[in-house]
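Beneath this line is the structure, given in structure tokens, with notes to follow.
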């Protein structure tokens, strides 16, 4: 049985990219929110934790939004039982990233313009990471990018 390379290469490479950008973004977010506010309070104890989203983290989330949503659903019970779990626990979504991009790779193996699709998709995700869309505006942007991508992959 011949194993097509695009699906595996895409799964592995996108998982690595998600780990790097997601890890750097989580680290940057933690560095910002660990700053002192008043006395022994940090920015984690303020509303800043709802507003600080570094661009590497936004890029990783937009690029892997379906896996991010699935990971959020799977980690919700853990977060309820352990509310102070470290944010780095969210990087456990990486196996879902591999599955997502393996699936995309399977679909793209049959397409003639897969390289152009991947380049445009990545460019759209980079743009979304830098657009001033408010505090969580990158999420609806990512949903839109993925809807368009799913339509293009399908046809």
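Please enumerate the residues belonging to region 22-60 that are surrounded by 13 or more Cβ atoms within 10 Å (Cβ to Cβ), in a helix (DSSP H, G or I) and in contact (Cβ under 8 Å) with a residue 40 or more places away in the chain.
Residues satisfying the conditions are 22, 23, 26, 29, 30, 55, 56, 58, 59, 60.
Provide a single number: the residues in region 61-90 that are closer than 23 Å to residue 148 by Cα and outside any helix (DSSP H, G or I).
Going through region 61-90 one residue at a time, the tally reaches 1.
Under the condition of being surrounded by 13 or more Cβ atoms within 10 Å (Cβ to Cβ) and without any contact (Cβ under 8 Å) to a residue 24 or more places away in the chain, which residue from region 70-84 is nearest to residue 12 (Cα to Cα)? Break it down into steps so the answer makes sense when it comes.
Of region 70-84, the ones surrounded by 13 or more Cβ atoms within 10 Å (Cβ to Cβ) are 70-71, 75, 79.
With the extra rule that they be without any contact (Cβ under 8 Å) to a residue 24 or more places away in the chain, the set shrinks to 75, 79.
Details: 75: 22, 79: 28 Å.
Per the criteria, the residue is 75.
Residue 65 versus (1) at pLDDT below 95; (2) closer than 19 Å to residue 24 by Cα: which is the lone unmet condition?
(1)
The values are calculated or read from the model by the stated rules, or taken from the named source; none is laboratory data. Only a predicted model underlies this, so the values are computations on that prediction, with no experimental measurement involved. Using ideal geometry, Cβ is built from the backbone for each residue, glycine included, and neighbour counts are taken over all protein chains shown.
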